[in-house]
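One structure is given below, encoded as structure tokens.
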Amino acid sequence: MNTGLKITAFAAAAATTFGTAYGVGKGVGPVVADERPAGHDGHGTARETKAPGGGDDHDGHGAAAAAGGLQVSEDGYTLALDTPRVAAGERTELRFSIRDESGRKVTAFAREHGKELHFIVASRDLTVYRHLHPTRAADGTWSTSAVLPAAGAYRAFADFKPAKEGAGALTLGADLAASGTYAPAPVPAPATTAKVDGYEVALTGGLRPGRSGELRLRVAKDGRPVTDLQPYLGAYGHLVALRAGDLAYLHVHPDGEPGDGSTEPGPEVSFTATAPSSGTYRLFLDFRHGGKVRTAAFTVEAGKAAPSTGPAAGGNESEAPGHRH
Ligand SMILES: [Cu+2]
């Protein structure tokens, strides 16, 4: 593969992102760390985990080659996990808060996809995944319960946007451990189909480093295409990609939404996503059918040709910052 070309393409895409982010996003925000134009004085490039625009993949997912979740603290906000150690295989309470710069619990959040905060827990070996919606007490303490079936190291992600002028969307990550006998598993091999509860989900398209790529997921049950997917949090599917090696977090959302006049309730759900780098990613698709949310998981390689339709599949090169859900 031509690394030079890819780097150039990425630089161009990044420049575009920076340009549009200032026009549309939080350019007037007071968060100095985010005011980092391309070709800035060379400082401020150390924390390249998030593009200006605030890791704002909710609002402009086609544009942001942003990886979130690598930091427990970012832009003055900290994910404080009250339950960093739990027992494997038992229903257990997970409790945490988001702290501001002065250590106070944040109580004002902007609602995104119907929720103030999305809480994802994934095992470091990417074999366990939970997308949870905790409840917030008035004092800012969040709690939910979950069963982590296997012992080992986990990463907990809080995906939220403070309801504060100029604040961008953030994904903070914190380590979490489930006690018990730990048998490390390899990341599952790359595959273009996944089975869950009698459903088969087929993936075409792929992730591309530094450039937006289309991922199309086709849902079938008992060999028949599912054409009556149910909206889940305002979409026919939610997709999270985690990078193997460090669990860098990408939250991507479908192209189109229920009721927009053009988006069908299956069998296909289409997403646009930009991988922050080449490498192995695990994709987790949440979809709702028959009143139940299920998760299909895939391992994909970013930077390799897409399984069946080629890397330019779909022809949708949209870097459109105005794409909203
Ligand atoms: Cu969520």
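Where a number appears in this text, it was derived from the coordinates with a stated rule and is not lab data. On a predicted model such as this, the values are computed, not experimentally measured, just so you know. Positions of Cβ are backbone-derived with ideal geometry, glycine not excepted, and every protein chain shown enters the neighbour counts.
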* Going by average Cβ neighbours within 10 Å, how do the peptides 242-249, 219-226, 269-276 rank, with the highest at the top? -> 269-276, 242-249, 219-226
* To do: Beta carbons within 10 angstrom, averaged per residue: use that to sort the peptides 291-301, 159-169, highest first.
  => 159-169, 291-301
* Convex hull volume per residue in cubic angstrom - Cα atoms of segment 190-299 -> 93
* To do: Calculate one ³J(HN,Hα) per residue across segment 279-291 by plugging θ = phi - 60° into the Karplus curve 6.51 cos²θ - 1.76 cosθ + 1.60, and present them in order as whole Hz with x for glycine and proline.
  => x, 9, 10, 10, 9, 10, 9, 9, 9, 10, 8, x, x
* Structure fact -> So His133 and Lys115, fully extended at 0.36 nm per residue minus their Cα-Cα distance, gain in nm 5.7 nm
* For His253, distant residues with modelled amide H under 5 Å away -> Thr272
* Just the C-alpha atoms of segment 47-179: what Rg/Rh do they give, with Rh taken as the Kirkwood radius? -> 0.96
* Asked: Can you sort Leu94, Leu250 by how many other beta carbons sit within 10 Å, fewest first?
  -> Leu94, Leu250
